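S.K.: This is the structure I want to talk about, given as structure tokens.
The values are calculated or read from the model by the stated rules, or taken from the named source; none is laboratory data. As the structure is a computational prediction, the values presented were derived from the model and not from experiment. Glycine also receives a Cβ, built like all others from the backbone with ideal geometry; neighbour counts cover every protein chain displayed. Accessible surface areas use protein heavy atoms only, side chains included; no ligands, DNA or RNA. Shrake-Rupley method; radii C 1.70, N 1.55, O 1.52, S 1.80 Å.
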Amino acid sequence: MTAPSPCARLSDHELGAGVLRSALTWAETRHVERLVPGDRSVFRQRLLSLGGEAELPLAGPDGGFWSGVRISLGASFDRGSTPETGGRQAREAIDDWGARIGGSAQVGRRVRLHMGASRRVRFPSLRELYSGALGRFVPNPGLAPEALRALESGVTGTIDAFGAEVEAQAVLFLQSFSNAIVRTGLGDGRFRRENRRRVDAGGLELLADARWGGLSLGGDLTWQDVNVTDERSPGLSPRPEYQPAIAGGVHVEGPLPAGLRARAAAEMVGRQFCVDPDLGRDVALDPTTRLNLVVSREFDIGGPMGTLQTSLSLDNLADAAVFDQCGLPRPGRLLRLQFRLF
């Protein structure tokens with residue numbers, strides 16, 4: 001049994017033409033494990049994150065070119081602890097930090113340039129630290145946090161083309177992911193999670209959306225080159241798991257008769273690889289395309305929540321086999337009816 005207890009506090013303060021934002025997030029996860037009657041183990045993890053960000057203009061409204069330039073600076077402090085470990089090896093509380101610096105510049109009325117650099121961390125979960133699932137995993141309470149360093153730069157703009165207003169964005173990115181938590185075989189049919197890999201990725205993201213009144217057509221495309229290094233064996237370069245070189249999608253949305261609105265979308269994921277736990281080696285997952293269709297309508301019903309939205313959706317229209325993990329496909333063709341009051 002797992003029971004997360006999240007709590008978050010946010011605040012914004014004006015700094016002249018700028019703004020100061022802060023956030024405090026605290027979460028506790030409690031897991032009770034019962035294997036046989038009378039045998040009970042309790043695990044508990046606490047995560048704390050405190051962060052702040054200041055966004056400021058480089059000059060006032062009469063500062064010429066610099067009046068369209070804004071910078072942002074942010075930092076965070078993160079702490080993780082496991083006060084209850086089910087009688088297994090205790091773990092000292094760990095601290096780490098995150099930071100971000102970014103900037104943007106308005107060029108004319110329709111173009112904006114933006115860039116940023118950041119460092120973020122992720123603490124190992126209770127499952128990664130202490131799970132011995134099905135007797136196939138050996139717990140490792142000494143796991144360190146994963147760290148991500150990222151650099152990105154891009155441009156966003158709008159143009160008039162083909163009788164429509166087109167909004168487009170292009171972003172170049174570089175990422176370095178260290179202390180990655182991976183499964184390693186122990187040679188006896190069991191696995192142990194360890195900090196072993198470094199993942200470096202670079203690529204390009206493209207997004208575009210065109211609107212003709214109530215009709216819209218859009219899409220996105222991501223290309224990336226991902227390289228993995230085993231930090232204990234620098235000469236070994238395993239394939240990256242679940243990191244396709246190409247991914248993207250297209251969608252069209254517009255009105256139908258009788259006040260209905262429809263949206264059709266196609267999601268494409270290129271060839272990718274995963275480590276098969278039974279074979280103990282990389283296996284390829286073929287490229288997949290997932291088609292989704294949604295038809296919705298809103299009704300004015302009055303009262304404090306005066307709008308009722310109904311939607312009928314058909315996910316994975318072609319019943320394609322789409323894998324999130326080795327041997328674990330997403331659901332096949334799925335029909336959903338939803339109601340929403342607001």
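S.K.: What residue among D188, D200, D282 has the largest mean-square fluctuation in a Gaussian network model of the chain, using Cα springs under 10 Å?
M.R.: D188
S.K.: Let me ask you something else. In the chain, what percent of the accessible surface is made up of carbon and sulfur (1.4 Å probe, ligands and nucleic acids excluded)?
M.R.: 58
S.K.: Please build a GNM for the chain, connecting alpha carbons under 10 Å apart, and tell me which residue among F177, F191, F162 fluctuates the most.
M.R.: So, out of F177, F191, F162, the one fluctuating most is F162.
S.K.: Karplus couplings for segment 212-218 from phi (6.51 cos²θ - 1.76 cosθ + 1.60, θ = phi - 60°), rounded to Hz, Gly and Pro as x?
M.R.: Per residue, the Karplus-derived 3J(HN,Hα) values read 10, x, x, 9, 9, 9, x Hz.
S.K.: What dipole magnitude, in Debye to the nearest 20, does the chain give about its Cα centre under +1 on Lys/Arg Cβ and -1 on Asp/Glu Cβ?
M.R.: For this selection, approximately 820 debye.
S.K.: Now a separate question. Only helical DSSP H runs with n ≥ 4 go in: add -39500 (n - 2.57) per run for the chain, normalise by residue count and round the 222 nm mean residue ellipticity to 500 deg cm²/dmol.
M.R.: Working: 1 runs with 5 residues, N = 342.
That calculation yields -500 deg cm²/dmol at 222 nm.
S.K.: Same structure, new question: Which whole-number percent gives the relative contact order of segment 192-342, counting Cα pairs below 8 Å spaced six or more residues apart?
M.R.: 15
S.K.: Work out from phi, with θ = phi - 60° and the Karplus expression 6.51 cos²θ - 1.76 cosθ + 1.60, the ³J(HN,Hα) of each residue of segment 152-158, listed in order in whole Hz, and give x for Gly and Pro.
M.R.: 9, 8, x, 9, 10, x, 10
S.K.: Do you know the relative contact order of the chain, to the nearest whole percent, from alpha carbon pairs under 8 angstrom that are 6+ apart?
M.R.: It rounds to 7 percent for the chain.
S.K.: Among E33, E128, E165, determine the one that fluctuates most according to a GNM of the chain built with springs between C-alpha atoms less than 10 Å apart.
M.R.: Per the Cα network of the chain with a 10 Å cutoff, E33 tops the list.
S.K.: On a C-alpha basis, how far is the centre of segment 83-128 from the centre of segment 142-161 in Å? Whole number, if you could?
M.R.: 12
S.K.: Still on this model: Roll a 1.4 Å probe over the protein heavy atoms and report the accessible area of C326 in Å², nearest 10.
M.R.: We get 30 Å² for C326.
S.K.: Per residue, what accessible area does the chain have, given a 1.4 Å probe and all protein chains present, in Å²?
M.R.: I get 60 Å² per residue for this part.
S.K.: Two decimals is fine: what's Rg over Rh for segment 197-342, C-alpha atoms, Kirkwood radius as Rh?
M.R.: Rg/Rh: 1.11.
S.K.: Under 5 Å between amide H atoms, partner at least 5 residues away or on a different chain: which partners does R330 have, H built in plane at 1.01 Å?
M.R.: The answer is V322, F323, D324.
S.K.: Could you tell me the largest-minus-smallest coordinate of the C-alpha atoms of the chain on each of the three principal axes, in descending order and whole angstroms?
M.R.: 66, 53, 52
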